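Worksheet for the structure shown next.
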Amino acid sequence: KKFLLRSSLSKLSESLSTDVIVRCHRSYIVNLLQVNAVTGGKNELKLHFEAVDTLIPVSSSYREAALRGLQKIKNFD
């Protein structure tokens, strides 16, 4: 089934507030358990997922929370 959800990402991320589901960019909310790799340098991070060909960017404003969650869940450095 498909459902249409009319809400902002900020409201959605607040309602899903867990350590696993985090906002990493103004356009993306991700499940950290599905992240296979993290690439990039100090200024730009990208999240890699197995079933998704698109690399998901991590913005500077959400970088710390995303990295903290990844370290806690997957032991990424």
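Computed values, structure above
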item: Amide H contacts of H25 (H built 1.01 Å from N, under 5 Å, at least 5 apart or other chain); result: S59
item: Proximal charge balance of L5 [Cβ under 15 Å; K/R count +1, D/E count -1]; result: +3
item: Cα-based equivalent ellipsoid, the chain: semi-axes from gyration tensor eigenvalues, Å; result: 21, 14, 13
item: Per residue accessible area of the chain, 1.4 Å probe, in Å²; result: 77 Å²
item: J(HN,Hα) series, region 51-59, from Karplus relation 6.51 cos²θ - 1.76 cosθ + 1.60, nearest Hz, glycine and proline x; result: 8, 10, 7, 7, 7, 8, x, 10, 7
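The values are calculated or read from the model by the stated rules, or taken from the named source; none is laboratory data. Since the structure is predicted, the reported quantities are computational estimates derived from the model, not experimental observations. Using ideal geometry, Cβ is built from the backbone for each residue, glycine included, and neighbour counts are taken over all protein chains shown. Areas reflect the complete protein model, heavy atoms only, side chains present, ligands, DNA and RNA absent. Shrake-Rupley method; radii C 1.70, N 1.55, O 1.52, S 1.80 Å.
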